[in-house]
Amino acid sequence: MVSLLKRGLLIAFIISIYLFITRGSKTATIIRLAGSTAFQPFAEKLADVYMDKNESAVIDVQGGGSALGIMAVNQGIVDIGMADMLQLPRVVSHLTKVVCARDGIAVIVHKDNPIENISKKQLQDIFTGKITNWQKVGVSPAPLRVISREDGSGTRKSFDQIVLKKNKLTINAMYQDSNGTIREAVKSDENAIGYISIGFINSSVKTVDIDGINATNENVKNGKYTLARPIYLILKKDIGQDARQFIDFLLSNEAQTIISKNGLIPVK
Amino acid sequence: MGVNEKIIEKTIYFLAFSAIFILLLITIFIFKEGVPFLFNYGVLKIIFRSSWSPSDQEFGIFAMIIGSIYITLGALIVGIPLGVACAIYLCEFAHKRTRLIIKPTIELLAGIPSVVYGFMGMIVLAPIIRSFLGGSGLSILSASLVLGIMILPTIISISMDSLMALPKTYKEGSIALGATTWQTVIMVLLPAAKSGIIAGIILGLGRAIGETMAVIMIAGNSLKIPVSVLDSTRTMTAGIALEMGYAIGDHRMALFAMAVILFIFILLLNSLVTFIFQKK
Amino acid sequence: MINAKTSERIAKMFLISAILITLGILGFIILFILINGLPVISANFLFKPIEEMGKSGGIFPTIISTIYISMLSIFFAAPLGVATAIYLTEYTRENYLTKVIRFGADCLAGIPSIIYGLFGFVFFVIYLKMSWSILSGALTLSIMMLPTIIRTSEEAIRAVPYSYREATYALGGSKWQGIRFIVIPKAMPGILTGIILSIGRAVSETAALIFTAGMSIRTPTSIFSSGRTMAVHFYALAREGISIQMAYGTAAILIITILIINIFSYYLLFRYQKKYS
């Protein structure tokens, strides 16, 4: 029995080594992206379309937040860094960047929360911790729970810049690390409030108007809804031809149409 | 000793030294990245300041240390009574056949990945706690319950080994003197198996403090120092995991500093276990 | 004063409830996952690629990534670990150094996996520029498995009575012959148990892999591709609320895989114990 196992393991090893050697040589065209979780699903979808058209291309997409994208492209471990923020930090000022989409940030609450509208001032007070009870914004009394993104999120940086301005986030905030996890957290907690990319809105959470303006792509486009930021693609130094082609594709009409159809704002 | 033998011996030496070298490498790497930070910023300042705001260059990890401590303690409060009780029952009160079936079952179930535990905590436990006790459900209480269950197999298994290792004469002698089984357990067996059981508890402690994914899923990751078990909190491991993807410079070194603290803590725990067993 | 019999009866009630609670909870978790997850599993589920970030399609890429990563990490860790164990037991005398090495291995076996992930990320992914890849993940995991394999192999080898080796020498055999033909075969079940349990740990591992092997949803085409394992995929599905159904299905496969691995190692241990008791 044990010798059979040994033989089986040996064969498995040999097969694995064979696979690694033969398949491992296909290191040719791996195009790597990393960063913004707001753009990640779109990058994946567009990567699928691109790979259908280009047999030899392989595209790996990671999330991790805009700061991770920036760090990774700066270190050269990805070809394209995705970052959704108002301004890119100085550390990537020497790299080429291009805007591939725009996106608004929606404030979300639980589906059953009766609140419809909130003022920018109230929003600031909530997220800085001045308002801690739902009563203060006109709904029935209940403890108000703030959910924020972690430090490395472009969405967070943009939100903080536009809403908090120079003030600090409340110490009572809970944290999640992607658009999806924030949506999930708010979906299950009746008293939570959070923010996600408009591209991530679905029927599981409720969007709150800000100063009477609906959080929609239309309103971002016409400038009425100001809680928004561009999505940058940052190219690594000495980026390869394959990656450049993919970027051209991302800026093409076909890709931009897909982006628009699926919930982000095209850059064209 | 043929040439063959020499070659094989050299290969084994080479592999062994490589392995030991690798283990040394990772240890030194972690300390090299983390310790300078601790000294530059001041060990006490980092450990006892509670403001963690990397973008403002503030690296106080006190809140996360407290988070780790509270959740680990909570896990022990859940795991020790349940675990030792199970071990006592299986060793001293159950039929041999029951024991032979249940022990491997418990150990088998110990293979459940921690992310599954975290998931169950997220969708089953947290809503219950939120409805009945208030708060967001993502709390110290949820994390303690889930981690406590997670470390049960460790505590049960090692406690059982310690109890089974006791000479049969202990129990037989006590019963012969007229004690009930329970009296025997309390007054003779547990004290005798004490060091083994404590070793198992310490091992469970180590696993609880090292848990990352499940904690991120159910503890809420807040940076405030918790005041109630319904408060959300962040452990050191979660703190590392949430920010390591993009931390650079001082920020990254701060994360390594937390890794160093965890490392030293595990070192202390292991020294304790070694000491306990040397006393025997 | 409660008499001894009554207090024993009360104690027994508590003890039995402890067992029932423990088994109940563990059983609940497994049943909950399997009941919700098994219906999701189908040939489609197992063989289709991940679509819509995991909302539809299957989990085939994750199965491949899991196999790649666990096999590759064992490929690195097993020879290194077993050789170290042989060295520690057969080729050196028991001295201070071996005690330190053993203590070090025990400590490293208890270090949180996120710390290995941190090391792997900074060293392999960034410093060595290997980016998020199967290779980075496997190297990180192999370092993580090393202490455990060293310790379990060492225990297994030490359990072989010295008389076996003496017999070999008495018959004129060399040291290596003794090791190769007598000691290792006798210790093999124990060694294999350690290796198989490490594979189980690799399959469940999440923290260390997210930052080293990455989270690409595609089937890895080479060891330099990124790829998410089943555990990582499940983690993403669960936390992002992408699809609870797919989460259950992935969890079910995960649990079944690990149960099979654990049952198998237990079977080996059972045979090992039979041989020696």
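All of the numbers you see were taken from the coordinates with simple rules; none came from a lab. Since we're looking at a predicted model, the values are computed, not measured. Counting neighbours? That spans all protein chains shown, and the Cβs are built from the backbone with ideal geometry, glycine included.
Points worth noting:
- Per-residue shielding of A:97-103, expressed as the average number of other chain Cβ atoms within 10 Å of the residue Cβ, stands at 0.
- Rounded to the nearest 500, the 222 nm mean residue ellipticity of chain A from helices alone is -10500 deg cm²/dmol, with -39,500 (n - 2.57) taken per DSSP H run of at least 4 residues.
- Chain A - share of DSSP beta bridges that are antiparallel (%, nearest 5): 60 percent
- Alpha-carbon centroid distance for the pair the range C:179-224 / the range B:124-148, whole angstrom: 34 Å
- The convex hull of the Cα atoms of chain A, projected and averaged over all directions, covers 18.8 nm².
- Per-residue mean of foreign Cβ neighbours for B:236-244 is 6 (Cβ atoms of other chains, 10 Å radius).
- Pairs of Cα atoms nearer than 8 Å and 6+ residues apart set the relative contact order; for the range A:19-178 it is 22 percent.
- In plain terms, the bigger the Kirkwood radius, the slower the diffusion; for the range C:1-160, with that radius from Cα pairs, at 4 °C and 1.567 mPa s, Stokes-Einstein puts D at 64 µm²/s.
- For the range A:127-268, dividing the convex hull volume of the Cα atoms by the residue count gives 137 Å³ per residue.
- Span-like helix criteria (full DSSP H runs; alpha carbon extent of at least 30 Å along the helix axis; mean Kyte-Doolittle hydropathy of at least 0.0) are satisfied in chain B by B:3-41, B:62-88, B:140-165, B:249-279.
- Exceeding the 32 Å Cα-Cα cut-off - candidates A:Lys130/A:Lys236; B:Lys168/C:Lys186; A:Lys130/C:Lys55; A:Lys6/B:Lys6; A:Lys136/A:Lys168; A:Lys53/A:Lys111: A:Lys130/A:Lys236; A:Lys130/C:Lys55; A:Lys53/A:Lys111
- At the listed q of 0.16, 0.32, 0.33 Å⁻¹, the Debye profile of the range C:164-213, built from one uniform point per Cα, gives log10 I(q)/I(0) equal to -0.59, -1.05, -1.07.
- Computed label-point distance, nm, for sites A:Leu4 and A:Leu95 using a 7 Å Cα→Cβ extension: 5.4 nm
- Beta bridges per DSSP, both residues in the range A:104-228: antiparallel share near 65 percent.
- Using R0 = 45 Å, the C-beta based FRET efficiency linking B:Val3 and B:Phe31 works out to 0.60.
- Our helix-only sum for chain B, with -39,500 (n - 2.57) per DSSP H run of n ≥ 4 divided by its residues, gives a mean residue ellipticity at 222 nm of -24500 deg cm²/dmol.
- Counting only DSSP beta bridges whose two residues both lie in the protein assembly as shown, roughly 65 percent are antiparallel.
- Shape parameters for the protein assembly as shown, alpha-carbon atoms, Rg then Dmax in Å: 27.8, 93
- Across the alpha-carbon set of the range C:96-173, the Rg to Rh ratio works out to 1.21, Rh being the Kirkwood radius.
- In terms of its alpha-carbon gyration tensor, chain C comes out oblate; a/c meets the 1.5 threshold, while b/c is at least as large as a/b.
- Alpha-carbon gyration tensor eigenvalues x 5, square-rooted, for the range B:65-234, Å: 35, 16, 13
- Span-rule helices in chain C, defined as complete DSSP H runs reaching 24 Å or more along the axis (Cα) with Kyte mean at least 0.0: C:4-37, C:60-86, C:134-158, C:184-204, C:244-276
- Within the same chain, aspartates and glutamates fewer than 8 places from B:Lys194 are excluded, and of the rest, those with a Cα less than 19 Å from its Cα are B:Glu92, B:Asp161, B:Glu172.
- Cβ-based exposure ranking for C:Ile150, B:Ile61, in which fewest neighbours within 10 Å come first: B:Ile61, C:Ile150
- The relative contact order of chain C, computed from alpha carbon pairs under 8 Å that lie at least 6 residues apart in sequence, is 27 percent.
- Cα-based radius of gyration for the range B:175-280, normalised by 2.2 N^0.38 Å, reads 1.55.
- Length-normalised contact order of chain A in % [C-alpha pairs under 8 Å, at least 6 apart]: 27 percent
- Classified by the C-alpha gyration tensor, the range B:239-280 has a prolate form. Its axis ratio a/c, with a ≥ b ≥ c, is 1.5 or above, and a/b is larger than b/c.
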